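The values are calculated or read from the model by the stated rules, or taken from the named source; none is laboratory data. In this text the structure is predicted, and so the values were computed from the model without any measurement. When we count neighbours, we look across all protein chains shown, and the Cβ atoms used for this are built from the backbone with ideal geometry, even at glycine. With ligands, DNA and RNA removed, areas are computed over all heavy atoms of the protein, side chains included. Shrake-Rupley method; radii C 1.70, N 1.55, O 1.52, S 1.80 Å.
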Amino acid sequence: MLFRSDEESRLVEVLVITRDRPGSGVFSRICGTLTARGLSILAANICTTDRQVIIDRFTVKDPDFAGRIPAFRLREIEDSLRQVLEEQVSVEELFRRNQRLTVASTTGVLCHEPARVVIDNQVSESATVIDVFANDARGLLYIIAKALFDLELSVILAKITTHVDQVLDVFYVTTR
């Protein structure tokens, strides 16, 4: 895992490179871990190679710190990611430990457009493409990733974008 902070923007890039096995839910577990630790996921690019190596890059913001995120905080996040990926602790347990956080809070939403999901089987020869347009909310990416996992879909590529309070999330999925 690698963390790179930008003090001016207060954003942190989290890079996770690990092995994956189809259907393991690594993407949803990473999203859940970052959310449970109180981070807002603003963008993500994830990719799974043909050799089952995942390369996931997340751009996150930590609302608990006004300036640079302290090293101890980054170590806490890294430890949580490692524990979840090594299946020493579940995402649900992390949420219980951090009960002050609520998933999918809609406080502060500027736009109240209905969510829209577009499914396309023509764009890719090897995957189904799912576009999600929605109002941003804490934990939304985890909720979507967990739902895809629960539907027994593997996310092989994702591009996550947040603009003000709107998200456009694109998922390339296959069956497990």
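Near residue 48, once Lys and Arg are set to +1 and Asp and Glu to -1 for all other residues with Cβ below 11 Å from its Cβ, the sum equals 0. Annotation: amide H of residue 42 within the under-5 Å range of 59, 60, 61, sequence separation 5 or more or interchain, hydrogens built in the peptide plane. Relative to the Cα centre, the charge distribution of the chain, modelled as +1 at Lys and Arg Cβ and -1 at Asp and Glu Cβ, gives a dipole magnitude of about 380 debye. Hey, in the GNM for the chain with a 10 angstrom Cα cutoff, which one of 44, 115, 36 fluctuates hardest? Taking springs between Cα atoms under 10 Å, the residue moving most is 115.
The residues of the stretch 28-176 expose on average 54 square angstrom of accessible surface per residue, using a 1.4 Å probe on protein heavy atoms. Projected label points at residue 135 and residue 168, each 7 Å from Cα along the beta carbon direction, are separated by 2.1 nanometres. Across the options 63, 147, 47, the greatest Cα extent toward the positive end of the charge dipole of the stretch 1-152 (unit charges at beta carbon of Lys, Arg, Asp, Glu) belongs to 63.
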